[in-house]
Structures are given as C-alpha cells and as structure tokens.
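Here the structure comes first, spelled out in structure tokens, and everything after it is commentary.
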Amino acid sequence: MVGDVGGWFAQVPVDPVDEDASRARATVTRMSSTLGRLTRFVRDLVAPQSRSRPADSKRPASLKGTTGTPARAGAASASDVVAYPGDANQLPDTRYAPKPDGRPDPGEIVWTWVPYEEDHTQGKDRPVLVIGRDDEGLVALALTSKDHDRDEQQERRAGREWVDIGTGAWDRKGRPSEVRVNRLIRVDPEAVRREGSVLPRDRYDLVIAGARASVRR
C-alpha cells in the first residue's frame, strides 16, 4: 500500500490475510443484498395468486351422474353442480310402479346424494325409497339402518317419523331398515348412483300410509 506522508510517498506493507477477509465480507454483503431482492420479487409474484384462492369447505348440493358407482363429491366440476330445489311439500302420485328398466321408479330403493335437512349445501350418499315424481324430478324418502324404535319419542319431538320396512337386498349386511316418512326429498334422476332393489308392495303400502298420515298432521 502506498500513502502520502508529509508530502512524501511511503509504501506501507498490508497483511494479505486482512485484504482477503475484506474482499470476502464485501462479496457476502453483495450476495445477501441480491438474495433479499430475489426473495421479495418471488413473494410479490406468488402472493396475489394465493389470496385469490379461498378455501371452500362446502359440498355441492347435488351432482349429476349416472347409475353405477357412487361419484365423489370433490371430483365434480362447476358445470356438474345442480342447486337443490328444496324438499317437496306435498305427496306426488305414489302408485307402485317398479320396472326392471335401469331407471328409478316408485317402489324402488336407490342410492343418491341426499342433502342435510338443516343445510342443503351439504349431505351424504344414502339409500332412498322412490315414491313418485313432481316437476323437479323424483320424490323420495330416506332410509336408515338405525333402530329408532328405542328413541321413538325423542325422534318425534325432533320432528322425525319412521316406518319399519325390515330387511332387503338394499342393505348388504342384512340389517333391518326404517324409512323416514315426513321428509319428502327431491332427487335428480341423473344423480342416482345405483339401484338397490324393489321394496315389496305390502311394505311400500305401509310406508305410503305413514307418509299420508304425517302430511295430514
């Protein structure tokens, strides 16, 4: 190193180790600054996209499909979602008319997606008994394998009425089933997943009698 001392130039020795350390610190400083700018650029680029995708925890009200394997609700596209029109408020023509034609008819038990009574935007796949049609499609009654004879009074207080229909091919485990007779569920015929079986006429008549009695009340 050369310096000016009192008008004279003097050569002052410099430790090469100190000079190398200074250069290294300068390099690290430049790298840190560059990395910081790059991080801010990537964050600004990604953040707007993240904010534009809010999570959606709702299940679709119903899904168009075909008879066969139940469809997964999460796999539906926006064009497949059909808004649930609401429960029916009167009994349709309930004439017993099952036919082995692959289409759901009154007297047949089929599987479909059923909206919850308290929130029509959510629900689950379950068996239903088709009892007729209206302008919105099929009208059906939900089945359950739970024994509500044990809590009949509690169920009535909650506004749910059930009729026993025994066992049948609709339940693979052979469990006795009950039909809720005071909620008329609308079903899109194209949303039926698969057919279960035909309910015998005598048991179908018992269900319809229970549904008529609940409507009169």
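Within segment 188-205, track down each residue that is open to solvent by 20 Å² or more (accessible area, probe 1.4 Å), assigned to a helix (DSSP H, G or I) and touching a residue at least 60 places away in the same chain (Cβ under 8 Å). Answer for segment 188-205, where residues must be open to solvent by 20 Å² or more (accessible area, probe 1.4 Å), assigned to a helix (DSSP H, G or I) and touching a residue at least 60 places away in the same chain (Cβ under 8 Å): Pro189, Glu190, Arg201, Asp205.
Scanning segment 112-123 for residues that are more than 26 Å from Pro200 (Cα to Cα) and not polar (S, T, N, Q) gives Pro115, Tyr116, Glu117, Glu118, Asp119, His120, Gly123. Within the set Ile208, Ile165, Ile185, Ile131, the sole residue that is open to solvent by less than 20 Å² (accessible area, probe 1.4 Å), among the β-branched types (Val, Ile, Thr), farther than 21 Å from Asn89 by Cβ and not in a loop (DSSP other than H, G, I, E, B) turns out to be Ile165. Please go through segment 146-162 and give me each residue that is open to solvent by less than 80 Å² (accessible area, probe 1.4 Å) and more than 15 Å from Val181 (Cβ to Cβ), ordered by number. Once the filter is applied, which keeps residues that are open to solvent by less than 80 Å² (accessible area, probe 1.4 Å) and more than 15 Å from Val181 (Cβ to Cβ), segment 146-162 yields Asp147, Asp151. Taking (1) under 21 Å from Tyr96 (Cβ atoms); (2) of a type outside the set (Asp, Glu); (3) surrounded by fewer than 19 Cβ atoms within 10 Å (Cβ to Cβ) in turn, Val139 satisfies each apart from (3).
Being part of a strand (DSSP E or B) and surrounded by 17 or more Cβ atoms within 10 Å (Cβ to Cβ) is a property that holds for Trp111.
Regarding Arg172, is this residue free of Cβ contacts under 8 Å to residues at least 12 places away in the same chain, more than 24 Å from the chain's Cα centre (by Cα) and not in a helix (DSSP H, G or I)? Yes: the conditions hold for Arg172.
His120 satisfies every condition listed in (1) buried (at least 22 other Cβ atoms within 10 Å of the Cβ); (2) part of a loop (DSSP other than H, G, I, E, B) except (1). Under 19 Å from Glu190 (Cβ atoms) and surrounded by fewer than 16 Cβ atoms within 10 Å (Cβ to Cβ): does that describe Gly102? Criteria met by Gly102. Of all the residues in segment 58-113, those that are at pLDDT 90 or above, under 14 Å from Gly196 (Cβ atoms) and of a type in the set (Val, Ile, Thr) number 3.
The values are calculated or read from the model by the stated rules, or taken from the named source; none is laboratory data. A quick note: this is a predicted structure, and the numbers were derived from the prediction, not measured. Every residue, glycine as well, gets a Cβ built from its backbone with ideal geometry; the counts of neighbours run over all protein chains shown. All accessible areas refer to the heavy atoms of the entire protein, side chains included, with ligands and DNA or RNA removed. Shrake-Rupley method; radii C 1.70, N 1.55, O 1.52, S 1.80 Å.
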